[in-house]
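Comments concern the structure below.
The values are calculated or read from the model by the stated rules, or taken from the named source; none is laboratory data. The shown structure was predicted, so the numbers you read here are calculated from the model rather than taken from an experiment. Using ideal geometry, Cβ is built from the backbone for each residue, glycine included, and neighbour counts are taken over all protein chains shown.
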Amino acid sequence: MRHEILIVGRGGQGVLLLGRLIGLVASKYMNYYTSGTEHYASETRGGESRVDMVIADSLEEALNFVSVTNPYVMILLYPYNLENYLKLARKETFVFLDRTFYQGEVRTEAKLYAQEYTRLAERLLNNPRVANILLLGHVVKVTNLLPLDYVKMGIAEILDMRYHKANFKALEAGFNLPA
């Protein structure tokens, strides 16, 4: 098994946090091998952030990785270079696009899940900052990539306790979205 995951957004959206969380859950709680790279602009907020990662059941598969070329999941929180990223997608790829920041036409043969995740986080939870975790909840439901309980354990391990409640609610809200 080998799953490549691409996460793209802008600084401040929690792109790097998502990568670290997915990697922790897959490696620590599911005993898979993970590898990845993080790219981010020099700006603290607003510049492009990107995580390329692989989850594999063999060390060799995980180590033989530089960047995503065959994505299983794409999480697009902000439409930087959207057309170029979508060129990587195949019919089997799960693409999750935050429509809050992109209302244009999306052309892809991939399995597209396009919702206003940031607006949903604001409307349902009064907190747009948890949109990344809300979206992850939807990814968990649709792809079965990670068990929901393990993601909760990862959130509890990575985040300060004062952020647990809001992020658990966001994860559940995303998981409750239609598949």
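For T37, which of the numbered conditions (1) more than 19 Å from T118 (Cβ to Cβ); (2) crowded, with 16+ Cβ neighbours inside 10 Å fails to hold?
(2)
Which residues, taken from region 17-38, are under 15 Å from the mean Cα position of the chain (by Cα), in a helix (DSSP H, G or I) and not hydrophobic (A, V, I, L, M, F, W, C)?
G19, R20, G23 - these are the residues of region 17-38 that are under 15 Å from the mean Cα position of the chain (by Cα), in a helix (DSSP H, G or I) and not hydrophobic (A, V, I, L, M, F, W, C).
Take region 13-35 and flag every residue that is touching an Asp or Glu at 6+ places or on another chain (Cβ under 9 Å) and at positive phi.
Correct list: N31 only.
Of the residues in region 72-109, how many are part of a loop (DSSP other than H, G, I, E, B), farther than 20 Å from L146 by Cα and of a type outside the set (S, T, Y)?
13
Within region 158-179, can you find the residues that are surrounded by fewer than 16 Cβ atoms within 10 Å (Cβ to Cβ) and touching a residue at least 60 places away in the same chain (Cβ under 8 Å)?
I158 - this is the single residue of region 158-179 that is surrounded by fewer than 16 Cβ atoms within 10 Å (Cβ to Cβ) and touching a residue at least 60 places away in the same chain (Cβ under 8 Å).
Where residues in region 40-71 are buried (at least 19 other Cβ atoms within 10 Å of the Cβ) and in a loop (DSSP other than H, G, I, E, B), which of them is modelled with the highest pLDDT?
Once the filter is applied, the top-ranked residue is V68.
For region 141-157, which positions are without any contact (Cβ under 8 Å) to a residue 40 or more places away in the chain and hydrophobic (A, V, I, L, M, F, W, C)?
L148, A156
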